[in-house]
Amino acid sequence: MERSVIIAGFGGQGVLLAGKILAQAGMDHGLEVTWLPSYGPEMRGGTANCTVVLSDAPVGSPIVDEPDAVIVLNRPSLDKFEAAVAKGGTIIVNASLIDREVERKDVVAHYVPINDIALKLGDARVVNMVALGAYLRATNTVPLDAVKQAMARALEDSGKGKFVPMNDKALDGGYRAVS
Amino acid sequence: MPVDVARMTKVFERPKSLTEARYTYCPGCHHGIITRIIGQTIDELGIAERTVGIAPVGCSVFAYLWYRCDAVQVAHGRASAVATGLKRAKPELIVFSYQGDGDFASIGTAESLHAANRGENITVIFVNNQIYGMTGGEMAPTTLVHQKTTTTPDGRDPATCGYPIRFSEIIATLDAPVYVTRQALYDTRRIQDCTRAVKKAFQNQVDGKGYSLVEILSTCPTNWRMSPTKANEHVANVVTQVFPLGDLVDRG
Amino acid sequence: MAERQLLRGNEVIAEAAIRAGCQCYFAYPITPQAELLEHMARNMPRLGRTFIQAESEVAAINMVYGAASAGVRTMTSSSSPGISLKMEGISYIAGSNLPAVIVNVVRGGPGLGNIAPSQCDYFQATKGGGHGDYHMIVLAPSTVPEAAVLTTLAFDLADLYRTPVMILADGLLGQMLEPVELPDPIDPASLPRKPWATTGAVGRDPNIILSFDLGPENLKRMNETLQTKYREIRAREIRYEETDVADADLVIAAYGSTARIAKSAVRMARAEGLKVGLFRPITVWPFPYDALRAVADHVSTVLTVEMSAGQMWEDVRLAVAERAATPFYGEMGGVVPTPRNILDEVRKHAR
Amino acid sequence: MPRGTIVIDAERCKGCGLCIAACPQKVLAFSGTLNASGYDVARMENPEACVGCTFCALTCPDIAITVYREKKSA
């Protein structure tokens, strides 16, 4: 089993952190993982994305031609990555910010009002966890609890432990938003 | 009639921390005096067994041959950086770099300035003879205005070559150095003053005080095309007008 | 068993260096290796070790020269343009028989290039780079865990042979996160003594560190000593990995990040029934000529894949010596080949 | 008797003349004899005047001069 996901959005939407937490959770769950950012000047202000590969065997390439899933938090990310998703793959679309539908018919699209859910929870900064929650429900790659634990540890390690409950709710919120 | 020295007291001899090797320097060159002063200082402070000298590129490339202490020969201009690495690796060592004007104040500008700015606890001997001796008498950063060299055949023109750089004054603007001084060797009084300055610069390191720099106005009779005695007079009368002697910083 | 941690390549190289007993680290900031420098800045001082953000790459490598002279384990790191600046110092370190570790997290070049992954510094790393007849041992990790292992090895080989050792990574390896079990820390005091180091001439003749002799006959002897050392290294230290080579008809030759991407391509090719394998040099100097030649004897094609215009390709062709076809596929400028790109190339050449 | 004297290592002397210029007692002069390296070495021309002041040795770049002084009479 090898699963790959590209998480893409604006710089500042926390896509890199969401990917790290997913990779950490995957590792904690006993999988081999890689996390690879797109980095550099385009990270600041422009688009940001990272690729996470989770596998029960050693990971070969950390870059993937056809990710099993993409999470797109803004329109440019959908435009960029829609074509890449593997046949039968998953696209998590941030319906709050993306005003078009997925054109491909051979993938499963989930339209989640990610920003609205985050705002309803009281903090726009948790969009990344809402998105990750939705992805977990749609793909079952890693158990939600493993991700929650990885998230809590990541925040506590960086001195942001007080935001754990909010992010916990955000993961739940995203998870519930996908049927 | 030969005097019987056995009945007399020896009052001056070769420092113990110098080897018997003969210098490769030209007749009358001050490098030899400076080497002797450093050797005497190492003797007086009793530090030969923990001193590491850093030999540069230039006429003093063979400096490691003259001392009975460990030594490292390094790339042109990098002596202060190598001294930094050595001293940080083994702070108990006494590390001195021996650098000419091209080495210290031209190609090594960055390394020289930043070692001083970090206040590395090292001793730097900066030999300023206003010329590149080894390569054939080319312009140095310290070459005087209108001074003829093989690369300024009509004399150094400030319009195209800039002015002689007073690097010790630049270093003296920094907060970290504890001792910055300019000395000369054109007569015995200056030699004695310089000896005290060198000793102080080493003593500062022994005491853990920090960065000390002794700039020494030196001669190059060969490339200046002067006799050694004329070269001394030139330093006394002309060079010191551009590079005034004395302490620039003394926070010891 | 050591704890598995999810760590970034750059940080892993830094932490592995600390655990290998690196006492002094000197470097100048440059992407994409900044995390390495930052990890050292956070951790070296609290261990009582030396970290200096040097004024330049030139200064940093010369600080390494000084610390290596004093007999401690020492390292610097940079990325391509910074490594160019270090070349003078690396030549001196090699010529003076000093042990030191240099990390190059290669980025796109030439000139300022960009900060994306590349392998365009292979020639510089393996064929000289600096002046004079010298070599560095060059270790090319393919994964983050391997970067930890090879960093430890780099310090051991540097000390064993009194030679500079380069870790040739790239932006991909430096930036990616992967699970790692870090090696146990060693006590620097437990390392073998270095009687040649300039630590103060107590009860012995002075030690002199130098790389030159003005007499041609003497300098020739010094060079011969270096060459003897390089022969020993060639005889003992060649490392490589073969994957699915035994029954292969086409073998991909790739190193570093590209090799792990190629590994995915090999799996995809095998799934299509193509008999494809991978030959991965781990030491790119010394290059595993003999091992690759043995492979070439039973395959029709050795396809070199690199993130360069074909630098390792020259060594591959020397090794294969026309025993097999030697096509090349490369990307440049920070473009990373994907498994599919490599598979497409394989299909062109595989039977 | 002179109050001091010097011994010049003729093979180290490079004939630069700095000691001759430095001597306040005008003890020293070029000897007119060349050493193995071809340098006209300095010698004590006027040894009686030497006071053992060490100025010649201080200024000699090649450390060719050793200086002796009369022991203080008891």
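The values are calculated or read from the model by the stated rules, or taken from the named source; none is laboratory data. Predicted, not measured: the structure shown is a model, and the values here were computed from it. Note: ideal-geometry Cβ built from the backbone for every residue, glycine included; neighbour counts use all protein chains shown. Remember, those area values only see protein heavy atoms, side chains included, never the ligands or the DNA or RNA. Shrake-Rupley method; radii C 1.70, N 1.55, O 1.52, S 1.80 Å.
In table form, for the structure just shown:
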{"read-out": "Only listed residue being more than 8 Å from every other protein chain (Cβ to nearest Cβ) and not hydrophobic (A, V, I, L, M, F, W, C), chosen from B:GLY28, B:GLY32, B:GLY46", "value": "B:GLY46"}
{"read-out": "Flag if C:THR31 is β-branched (Val, Ile, Thr), over 24 Å from C:LEU219 (Cβ atoms) and at pLDDT below 95", "value": "yes"}
{"read-out": "Failed item in (1) out of contact with any Gly (no Cβ under 8 Å at 6 or more places or on another chain); (2) farther than 21 Å from B:MET8 by Cβ; (3) of a type in the set (Phe, Trp, Tyr), with D:PHE55 passing the rest", "value": "(2)"}
{"read-out": "Every residue from the stretch B:71-92 that is under 21 Å from C:LYS194 (Cβ atoms) and not aliphatic (A, V, I, L, M)", "value": "B:GLN73, B:THR84, B:GLY85, B:LYS87, B:ARG88, B:LYS90, B:PRO91, B:GLU92"}
{"read-out": "Out of C:LEU98, C:LEU85, sole residue that is within 14 Å of another protein chain (Cβ to nearest Cβ), at pLDDT 95 or above and part of a loop (DSSP other than H, G, I, E, B)", "value": "C:LEU98"}
{"read-out": "Qualifying residues in the stretch C:1-28 (those that are in contact with a helix residue (DSSP H, G or I) (Cβ under 8 Å, 6 or more places away or on another chain) and over 25 Å from C:ALA70 (Cβ atoms)) - the one most open to solvent (accessible area, probe 1.4 Å)", "value": "C:ARG4"}
{"read-out": "In the stretch C:101-110, the residues that are within 12 Å of another protein chain (Cβ to nearest Cβ) and out of contact with any Asp or Glu (no Cβ under 9 Å at 6 or more places or on another chain)", "value": "C:GLY108"}
{"read-out": "Test: residue in the stretch C:3-25 that is outside any strand (DSSP E or B) and either in contact with a Cys (Cβ under 7 Å, 6 or more places away or on another chain) or at pLDDT below 95 (or both)", "value": "yes"}
{"read-out": "Residue ID - farthest from B:CYS194 (Cα to Cα), chosen from residues in the stretch B:1-17 that are aliphatic (A, V, I, L, M) and facing chain D (nearest Cβ under 7 Å)", "value": "B:VAL3"}
{"read-out": "Residue that is farthest from B:CYS220 (Cα to Cα) [pool: residues in the stretch B:68-80 that are facing chain C (nearest Cβ under 8 Å) and open to solvent by 10 Å² or more (accessible area, probe 1.4 Å)]", "value": "B:ARG68"}
{"read-out": "Identity of the residue in the stretch B:107-163, within 30 Å of B:ARG196 (Cβ to Cβ), more than 14 Å from chain C (Cβ to nearest Cβ) and not in a loop (DSSP other than H, G, I, E, B), that ends up most open to solvent (accessible area, probe 1.4 Å)", "value": "B:TYR132"}
{"read-out": "Qualifying residue in the stretch C:38-61 (condition: crowded, with 23+ Cβ neighbours inside 10 Å, touching a residue at least 60 places away in the same chain (Cβ under 8 Å) and either within 11 Å of chain B (Cβ to nearest Cβ) or not aromatic (Phe, Trp, Tyr) (or both))", "value": "no"}
{"read-out": "Residue, least open to solvent (accessible area, probe 1.4 Å), within the stretch B:164-186, restricted to residues that are among the hydroxyl-bearing types (Ser, Thr, Tyr) and under 17 Å from B:GLN241 (Cβ atoms)", "value": "B:SER168"}
{"read-out": "Enumeration of residues in the stretch B:81-91 that are more than 18 Å from the chain's Cα centre (by Cα) and either in a helix (DSSP H, G or I) or more than 8 Å from chain C (Cβ to nearest Cβ) (or both)", "value": "B:GLY85, B:LEU86, B:LYS87, B:ARG88, B:ALA89, B:PRO91"}
{"read-out": "So C:ALA271, is it surrounded by fewer than 21 Cβ atoms within 10 Å (Cβ to Cβ), within 14 Å of another protein chain (Cβ to nearest Cβ) and over 25 Å from C:GLN124 (Cβ atoms)", "value": "yes"}
{"read-out": "Within the stretch A:53-139, strands (runs of 3 or more DSSP E) holding 3 or more residues that are surrounded by fewer than 23 Cβ atoms within 10 Å (Cβ to Cβ) and at positive phi", "value": "none"}
{"read-out": "Close pairs from the stretch C:80-93: first of a type in the set (A, V, I, L, M), partner part of a helix (DSSP H, G or I), Cβ under 6 Å, at least 6 apart", "value": "C:LEU85/C:GLU57; C:LEU85/C:VAL58; C:ILE93/C:TYR65"}
{"read-out": "Some residue of the stretch C:173-186 being touching an Asp or Glu at 6+ places or on another chain (Cβ under 6 Å), polar (S, T, N, Q) and touching a residue at least 40 places away in the same chain (Cβ under 8 Å)", "value": "no"}
{"read-out": "Odd one out for B:PHE96, checked against (1) out of contact with any helix residue (DSSP H, G or I) (no Cβ under 6 Å at 6 or more places or on another chain); (2) within 8 Å of another protein chain (Cβ to nearest Cβ); (3) open to solvent by less than 10 Å² (accessible area, probe 1.4 Å); (4) among the hydrophobic types (A, V, I, L, M, F, W, C)", "value": "(2)"}
{"read-out": "Residue selected from the stretch D:37-74 under the condition assigned to a helix (DSSP H, G or I) and at the interface with chain B (Cβ under 8 Å from one of its Cβ atoms), by the criterion surrounded by the fewest Cβ atoms within 10 Å (Cβ to Cβ)", "value": "D:PRO47"}
{"read-out": "Residue check for B:GLU49: open to solvent by 10 Å² or more (accessible area, probe 1.4 Å) and within 25 Å of B:PRO244 (Cα to Cα)", "value": "no"}
{"read-out": "Residue identified as closer than 23 Å to C:ARG204 by Cα and at pLDDT 95 or above among B:PRO141, B:PRO91", "value": "B:PRO91"}
{"read-out": "Among residues of the stretch B:208-227, those that are within 13 Å of another protein chain (Cβ to nearest Cβ), open to solvent by 20 Å² or more (accessible area, probe 1.4 Å) and touching a residue at least 40 places away in the same chain (Cβ under 8 Å), counted", "value": "2"}
{"read-out": "Selected residue (only one of C:ILE115, C:ILE90 is at pLDDT below 95 and among the β-branched types (Val, Ile, Thr))", "value": "C:ILE115"}
